[in-house]
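Asker: I'd like to ask some things about the structure below.
The values are calculated or read from the model by the stated rules, or taken from the named source; none is laboratory data. For clarity, every value in this text was computed on a predicted model and none was experimentally measured. Cβ sites come from the backbone with ideal geometry, for glycine too, and all protein chains shown count toward neighbours.
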Amino acid sequence: MSKKKAAPARRATGGNSQLLSDEERAAMRETLNERKRSRSSTTDGESDVLAKIAEMVEPDRSMAERIHAVIKKSAPGLTPRTFYGMPAYEKDGKVVCFFQSGAKFKTRYATFGFQQAANLDEGDFWPTGFAVTRITPAVEKRIRELVVQAVS
């Protein structure tokens, strides 16, 4: 019987066999930095979120600013923080919702999404993320309704 040699293990950062994109690796680095900062008593989530929003290109920056204002007004119990380098809002240490710039992972639209801590369960099927191309009064109203429901 002939013995087969095991295939060499692939590295996440080497050669042509990258398992993670550059953007995904950057998000992971940001997450590690966020965790280090969160252990510090001087962490200011609001400043971190505003800094991330300021780094965004238009129109994502304007949309993120409006979403930030809506969340702050409609759900003051949520605490701003960053989440994989994105503006996010948490309750009891768990992320409820976040805004992802379209440029972050080179997608054609920004995303407003919810995590498992959001109280949005509705039967067997419900949305957890929304594509955002612009913020109209109707979109702003729907975001407000979803955020209020998510923290209820």
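Asker: Hey, K36 hits all of (1) basic (K, R); (2) surrounded by 15 or more Cβ atoms within 10 Å (Cβ to Cβ); (3) modelled with pLDDT under 95 but one; which does it fall short on?
Answerer: All conditions are met except number (2).
Asker: For residues that are under 15 Å from the mean Cα position of the chain (by Cα) and assigned to a helix (DSSP H, G or I), tally how many sit in segment 125-142.
Answerer: Just the residues of segment 125-142 that are under 15 Å from the mean Cα position of the chain (by Cα), to begin with: 128-132.
From what is left, the residues that are assigned to a helix (DSSP H, G or I) are none.
Summing the residues that are under 15 Å from the mean Cα position of the chain (by Cα) and assigned to a helix (DSSP H, G or I) in segment 125-142 gives 0.
Asker: Under 6 Å between Cβ atoms, which residue pairs at least 6 apart in sequence (or on different chains) link something in segment 117-138 that is over 21 Å from Y89 (Cβ atoms) with a partner that is in a loop (DSSP other than H, G, I, E, B) and at pLDDT 95 or above?
Answerer: T133/Y109
Asker: Does any residue of segment 67-74 turn out to be without any contact (Cβ under 8 Å) to a residue 60 or more places away in the chain and crowded, with 22+ Cβ neighbours inside 10 Å?
Answerer: Looking for residues that are without any contact (Cβ under 8 Å) to a residue 60 or more places away in the chain and crowded, with 22+ Cβ neighbours inside 10 Å, one finds none in segment 67-74, hence no.
Asker: Does V57 qualify as being modelled with pLDDT of 95 or more, among the β-branched types (V, I, T) and surrounded by fewer than 10 Cβ atoms within 10 Å (Cβ to Cβ)?
Answerer: Yes; evaluated as a whole, the condition is true for this residue.
Asker: Can you tell me which of T107, T111, T133 is modelled with pLDDT of 95 or more and either of a type outside the set (V, I, T) or surrounded by fewer than 17 Cβ atoms within 10 Å (Cβ to Cβ) (or both)?
Answerer: Just one listed residue meets the conditions, T133.
Asker: Still on this structure: With the requirement that a residue be out of contact with any Ser or Thr (no Cβ under 6 Å at 6 or more places or on another chain), in a strand (DSSP E or B) and not hydrophobic (A, V, I, L, M, F, W, C), what does segment 93-112 give you?
Answerer: Passing the criteria: K94, T111.
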